[in-house]
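Have a look at the structure below, then the notes.
The values are calculated or read from the model by the stated rules, or taken from the named source; none is laboratory data. Note that the structure is a prediction, hence the values are computed from the model and not measured. All Cβ positions, even for glycine, are placed from backbone atoms using ideal geometry, and neighbour counts span all protein chains on display. When the accessible area is computed, the model is the full protein with side chains, heavy atoms only, and any ligands, DNA or RNA have been set aside. Shrake-Rupley method; radii C 1.70, N 1.55, O 1.52, S 1.80 Å.
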Amino acid sequence: MLTPLTLCGQVDAERLQELDKLMFNGRYFESKELYKNLSDTTTIPSDLDLFYKFRMAQFLNKTDSAVYYLEKYIPYYYEDCGNQVLILYSMLFDAYIELGYKDKALCTYQQMKQLWDESLSNINGKAYEGWQTDIKNFLSYAESAVNSPPITMKRSNTSSFVDIKGHDKPVFQAKYNGISQTTIFDTGMQPYCFLSKKLAEGMGIRYDSIERNKVVVNETLVCVRSIIDSIEVGNITFYNIPTLIYKESESIPYVSSSLRKKRRMKKALDSVRTWVAERVCLGLPIMKLIGKIQTDYDHNRMCFPVSDVTLSKEANIYAYEKGLYMRIKLNGTDFTAHLDTGSDEYITVDSAFYEKHQKELLIGSTSKKNTFGVAMLHQARAITYKTLKDPAIIFDDKLMQPPGPEAVKTYPLGQIVPGIFFDGVIGNGFYRRIGKKVLLDLDNMRLEAVQ
């Protein structure tokens, strides 16, 4: 009688470890499904249960709940977690800042400084240098965050539409300190606001290149942190919004000097630089503050509804590591991807996912192109990509029709753009074809066609 019980215990232990791994690696859908199965047959340890509840709240943009569970979870591993507890503290710090709890954020910041000093004494060589760089960057950000004025938002009672232009990206007009500027929403952008030095100076935005305000990549000063006093988008006004200001000539530090010297590449890069420099980018954090963004593609306008129209439906998108992710079915296989409205593409499949599922994913053609990203961290290089033949795409129980034979591409994403993609990227080309009216509900983590 003991043998099957022992075996069952081993299986449960392995499944509990798998649940912990899935949550730590940002796999929302798989974590939720495994937890449900485990809770029917297994007693889940209290610390793992707390971590699950914290992660679910974090995935679903419920920051207040995430803080509640994380505060209870950290004491379990304060002594034994080593460097991992610093990661938990950084999550707690970010959550406090988001909620406006400056006193708690400052206390957490001071605890982290002490823990970091203790951790560094146990690290040697290259690992020490890398860890020290990470600490320096975070402390610079944290010091800036705790010394900044609180972020606030005011929504007027009037219903106001924002006119949008262009088909590749949702371009519209917003006001910054009362001055109108061309703007885009980009779920793939981590900062609240991102703009060029030229635009910042035209709007009278002040900034100071003191040490804590600098953002350095590859020993190059890429951005300077600042604050925009007010941003007006339709019937919503934001105050004290953290902003990254970049110098146009340093907006692509990852592009090698040899590539920059090539005439055709230089022309392409200059075109990208000009496009970016003429627009203000509002990223995922400010979109979360708005909550709901409804885009009417028939009438080319956007509004920001308040009513909870989707509470009865389960979440089909989630947040992880300052990015937004969703899952579709691609030729019958689960496909979890980064939702990036700043990308012009329809769907990009990472090569690792393709190689794992190539029996289900038939190739239609192979091509080569020069590629470069609009964002400052993208690389410029020539790549060979493949297109999937007749891809069957299911999203929210709806069969999606790709716009053309090259809509779904596959290539090694990690070699082109730094970031977390899981299985690939779903771009604005997909987003705008979900329906005539598309609702992005970041209060309830739903993306769906309203019409």
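Out of (1) over 24 Å from Y89 (Cβ atoms); (2) open to solvent by less than 50 Å² (accessible area, probe 1.4 Å), what's the single condition that is false for E14?
(2)
Return the pair list, or none, for Cβ contacts closer than 6 Å from residues in the stretch 337-363 that are at negative phi to residues that are surrounded by fewer than 24 Cβ atoms within 10 Å (Cβ to Cβ) and basic (K, R), at least 6 apart or on different chains.
T348/K409; L362/K389; I363/K386
Yes or no, residue by residue, for (1) surrounded by 18 or more Cβ atoms within 10 Å (Cβ to Cβ); (2) at pLDDT 90 or above; (3) assigned to a strand (DSSP E or B):
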site: L339; (1), (2), (3): yes, yes, yes
site: Y354; (1), (2), (3): yes, yes, no
site: S365; (1), (2), (3): no, no, yes
site: G404; (1), (2), (3): no, yes, no
site: G414; (1), (2), (3): no, no, no
site: F430; (1), (2), (3): yes, yes, no
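Taking C193 as meeting all but one of (1) open to solvent by 20 Å² or more (accessible area, probe 1.4 Å); (2) modelled with pLDDT of 75 or more; (3) touching a Phe, Trp or Tyr at 6+ places or on another chain (Cβ under 9 Å), write down the number of the exception.
That leaves (1) as the condition not met.
Take the stretch 35-73 and flag every residue that is free of Cβ contacts under 8 Å to residues at least 24 places away in the same chain and under 24 Å from the mean Cα position of the chain (by Cα). First the steps, then the outcome.
Narrowing the stretch 35-73 to residues free of Cβ contacts under 8 Å to residues at least 24 places away in the same chain: 35-37, 39-40, 43, 46, 49, 53-54, 57, 62, 65, 68-69, 71-72.
The answer is K53, F54, A57, K62, S65, Y68, Y69, E71.
For the stretch 96-111, name all the residues that are open to solvent by 90 Å² or more (accessible area, probe 1.4 Å) and at pLDDT below 90.
Filtering the stretch 96-111 for residues open to solvent by 90 Å² or more (accessible area, probe 1.4 Å) gives 101, 103-104, 110.
Within the stretch 96-111, just Q110 meets the criteria.
S159 passes all but one of (1) surrounded by fewer than 18 Cβ atoms within 10 Å (Cβ to Cβ); (2) in contact with a Ser or Thr (Cβ under 9 Å, 6 or more places away or on another chain); which number fails?
(2) is the only condition that S159 fails.
Yes/no per residue for (1) among the small types (G, A, S); (2) at pLDDT below 95; (3) more than 21 Å from the chain's Cα centre (by Cα):
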residue	(1), (2), (3)
G234	yes, yes, yes
L244	no, yes, no
E250	no, yes, yes
P253	no, yes, no
L259	no, yes, yes
D270	no, yes, yes
T274	no, yes, yes
K288	no, no, no
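When only residues in the stretch 34-86 that are open to solvent by 50 Å² or more (accessible area, probe 1.4 Å) and outside any helix (DSSP H, G or I) count, which is modelled with the highest pLDDT? Quick ask: steps written out before the conclusion?
Going residue by residue through the stretch 34-86, those that are open to solvent by 50 Å² or more (accessible area, probe 1.4 Å) are 36-37, 39-41, 43, 45-46, 53, 58, 62, 64, 68-69, 71-72, 75-80, 83-84.
With outside any helix (DSSP H, G or I) added as a condition, the list becomes 43, 45, 62, 78-80.
Values: T43: 87, P45: 91, K62: 96, Y78: 62, E79: 57, D80: 52.
Filtering first and then ranking leaves K62.
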